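Below are the structure tokens for one structure; questions will follow.
Bear in mind these aren't lab numbers, they're just calculated from the coordinates by the rules spelled out. If you're wondering where the values come from, they're calculated on a predicted model, not measured in any experiment. Here Cβ is always computed from backbone atoms with ideal geometry, including for glycine, and neighbour counts include all displayed protein chains.
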Amino acid sequence: MQLTNRSKQVSNKEMTLAEKMYLPAILQGLGITISHFFKKKPTIQYPEVKRYLGPIFRGHHVLKRDEQGRERCTACGLCAVACPAEAISMVAAERVKGEEGLYREEKYAAVYEINMLRCIFCGLCEEACPKQAVYLRHDRIVPVFTERDNIVYGKDKLVEKMDDRYVRNNPSVQATPTEPSLSRSVG
Amino acid sequence: MDLTILLTKAIIILVIFGITLLIATYSTYAERKVAAFLQDRLGPNRAGPFGLLQPIADAGKMFFKEDFIPAQANKWLFILGPCLAMLTALMASAVIPFGDSIRFGQYEIPVQGIEINIGMLYIFGVVSLGVYGVMVGGWASNNKFSLLGAIRAASQNISYEVALGMSIIAVLMMTGSLSLRAIVEQQATTGFFGWNVFTQPVGFIIFLVCAFAECNRTPFDLPECETELIGGYHTEYSSMKLGFYLFAEYINMFVSSAVISSLYFGGYHFPFAAQAHDALVNALGANTGHNVATALGTVVFFSKIFFFIFFFMWVRWTVPRFRYDQLMNLGWKSLIPLAMLNVVITGAGLLFNFNYATWIVVIVAVLMIVVSSARAPKGAVAVQRT
């Protein structure tokens, strides 16, 4: 089996005088290394320059609101069931009169927590959600934590801010084959 | 008068000392930067602009580390090792002429630590002492890897010192002096093509290879090869003692670059130096003009040194380490006979007043290379023995 076309038959033939003197080979090598000295470096200076990771990168979780700003999540628990790392937990509550502007359905998640130490960013919660409520943002990563207490993300960190609505900049691209598009309205 | 001489000498020695240390410090930075660039990376760029504070951060780290002496080590020799390495490395730069001279009133002060007529011999003596630092440190560590590294260093340095000395004899024959200043002045009088690199190409290559070996630089860094000996002679060292060993290597590199530049590349001399000197004297007056010309020469000398330091690093990231038997074969079977041949041919050339005689060796070698590669079987691959 041939893996690459760069493999070379090893040879133990007698070296010629030029090879025994090392110098021609060394000069050749010096030429190769100095040509690399002047090449453009591929390094991206990470914290200052951030690379676009593609439209389907699975990063920071977001709990979507609908067009009128109501939370989509109904605390059905399918995401928690789908989660292979068991990172998601939630407490459901019933919507009372006067909260129609806050929650879309009669039932909502009073507590919705994702343990970021457990999360493996597989995107199965996104796939499981029947209400298009949970998404993994392609443009933001979960920051490095320094305090153990801060690593369980609650609704304060997860629910989408109205001034920072999340849209996939390429809605035709799907993270998973079964992912419903963000632009499609849900009846 | 005596006091004046003493004071000026003290100042010059302190300045040379400081410059040597500064260059050695920034050689560590340059090493990392050059290594990175040769490998398509960027190198240190976080500490200060372009990472320029990196050596200071490194030194700070070294100072704050635990200074550990192993229980079974010979304590005093263990301390003496890095001291010796540092001492000998710093001593060598005393006789190197960094520039012509500074005129100050009726005084004329050479830009040099000490002008002695056995300068080259002094450098050889000090460089040979340098192996004691490695040897003593490796032995005192009471560790088999350190000892192996030290033995390797000792045998390597002794082997290559022979070829180093032989290669220099040809230059000394042509100059007739052991003083480095006299060697530089002689190259200045004969002009650009009188530089010893043009009259002594073979000697230059031998000297260069031996200088790499003497500095324990790749491809001859067997004393500290990590794959076989962990860290070689400095395996047991930590904190600033290790720092001294690493530092001594860079100082040695600086000194050998300076010696190579003054022996073979005309030192502080540069093409049209005499004309530049005359023009400056005419324009600025005898003293100022002369001093400016000296400064120019010093700058040229330092740029030559920096080129060779760069060359040391360039080679380090190009050529892999030799095997031990290859090292000994190269030293004893190739370089020493070649150096002897070089001496003989130079002597014959001097007899007939022909300075470029050693080019014969180069021409013969090139012819032999061409013939041997022409006769080599093309594309034939021997069957592997199993």
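Given a Förster radius of 60 Å and the C-beta distance between A:V10 and A:D163 as r, what FRET efficiency does 1/(1 + (r/R0)^6) yield to the nearest 0.05?
0.40
Straight-line reach only, C-alpha to C-alpha below 30 angstrom: list the lysines that A:K161 could link to, leaving out same-chain residues fewer than 8 apart.
Within reach: A:K50, A:K64, A:K97, A:K107, A:K131.
Taking Cα centroids, how far is the stretch B:155-224 from the stretch B:295-356 in Å?
Between the Cα centre of the stretch B:155-224 and that of the stretch B:295-356, the gap is 6 Å.
Assuming R0 = 41 Å, what is the FRET efficiency of A:R140 and B:L21, from their Cβ-Cβ distance, to the nearest 0.05?
0.25
Take B:F17, B:F124, A:F38 and order them by how many other Cβ atoms sit within 10 Å, fewest up front.
Going from sparsest to densest Cβ surroundings: A:F38, B:F17, B:F124.
Applying the Karplus parametrisation 6.51 cos²θ - 1.76 cosθ + 1.60 with θ = phi - 60° to the phi angles of the stretch B:306-318, what ³J(HN,Hα) value in whole Hz is obtained for each residue in order, glycine and proline being reported as x?
5, 4, 5, 4, 4, 5, 4, 6, 4, 5, 4, 9, 10
Which cross-chain or sequence-distant (5 or more) residues have an amide H under 5 Å from the amide H of B:S238, H modelled 1.01 Å from N in plane?
Distant-sequence amide H within range of B:S238: B:F68.
Apply the Karplus parameterisation 6.51 cos²θ - 1.76 cosθ + 1.60, with θ equal to phi minus 60°, to every residue of the stretch B:50-64 and state each ³J(HN,Hα) to the nearest whole Hz, in sequence, with x for glycine and proline.
6, x, 5, 8, 4, x, 5, 4, 4, 5, x, 4, 4, 5, 7
Between exposed trypsin sites (Lys or Arg not before Pro) in chain B, where DSSP calls loop and at most 11 other Cβ atoms lie within 10 Å, what's the longest gap?
Excluding the exposed sites themselves, the longest stretch runs over B:47-322.
Among the listed pairs B:K33/B:K241; B:K144/B:K241; B:K33/B:K333, give every one whose C-alpha distance is greater than 27 Å.
Long pairs (Cα-Cα over 27 Å): B:K33/B:K333.
Also: What per residue convex hull volume, in Å³, do the alpha-carbon atoms of the stretch A:68-134 yield?
77 Å³
Right, next: Given the -39500 (n - 2.57) contribution per DSSP H run of 4+ residues, what per-residue ellipticity at 222 nm results for chain B, rounded to the nearest 500 deg cm²/dmol?
Here the helix-only value at 222 nm equals -22500 deg cm²/dmol.
Quick one: P(r) of the stretch A:1-148 from all Cα-Cα pairs, 5 Å bins, percents rounded to integers, in order of increasing distance.
2, 7, 11, 12, 11, 9, 7, 6, 5, 5, 5, 6, 5, 4, 3, 2, 1, 1, 0, 0
Another question, if that's okay. With only alpha-carbon atoms counted, please give the Rg and Dmax of the stretch B:1-104, in Å.
My reading of the Cα-based Rg and Dmax gives 18.9, 57 Å.
For the stretch B:65-375, go through all pairs of different Cα atoms, get the mean of 1/r, take its inverse, and jot down that Kirkwood value in Å.
That comes to 20.8 Å for the stretch B:65-375.
In square nanometres, what is one fourth of the surface area of the convex hull spanned by the alpha carbons of the stretch B:17-58?
The number I arrive at for the stretch B:17-58 is 2.9 nm².
To the nearest 20 debye, what charge dipole does the protein assembly as shown have about its Cα centre, counting +1 at the Cβ of each Lys and Arg and -1 at the Cβ of each Asp and Glu?
1400 debye
Sum up the charges of everything whose Cβ sits under 15 Å from the Cβ of B:S179, counting Lys and Arg as +1 and Asp and Glu as -1, but leave B:S179 out.
Result for the neighbourhood of B:S179: -2.
Tell me the label-point distance for the pair B:L42, B:D278, using the 7 Å Cα-to-Cβ offset, in nm and rounded to one decimal.
Label-label distance for B:L42 and B:D278, simple model: 5.2 nm.
Taking the Cβ of B:M86 as the center, what net charge do the other residues with Cβ under 11 Å away carry, scoring Lys and Arg +1 and Asp and Glu -1?
Surrounding charge for B:M86 is 0.
Moving to a separate point now. Could you derive backbone 3J(HN,Hα) for the stretch A:61-73 from the dihedral phi with the Karplus parameters 6.51, -1.76 and 1.60 (θ = phi - 60°), listing whole Hz in sequence and x where the residue is Gly or Pro?
Listing the rounded values in order: 6, 9, 9, 6, 9, 8, 4, 8, x, 8, 5, 7, 5 Hz.
Then there is this: Of B:I56, B:I345, B:I114, which is the most mobile in a GNM of chain B whose springs link Cα atoms less than 10 angstrom apart?
B:I56
For the protein assembly as shown, what number results from the quotient of the Cα radius of gyration and 2.2 N^0.38 Å?
Normalised by 2.2 N^0.38 Å, the Cα Rg of the protein assembly as shown equals 1.40.
Next up: Quick one: what do you get for the stretch B:166-271 if you divide its Cα Rg by 2.2 N^0.38 Å?
Normalised Rg, Cα atoms only: 1.32.
What is the Rg over Rh value, at two decimals, for the stretch B:243-386, using alpha-carbon atoms and the Kirkwood definition of Rh?
Rg divided by Rh gives 1.12.
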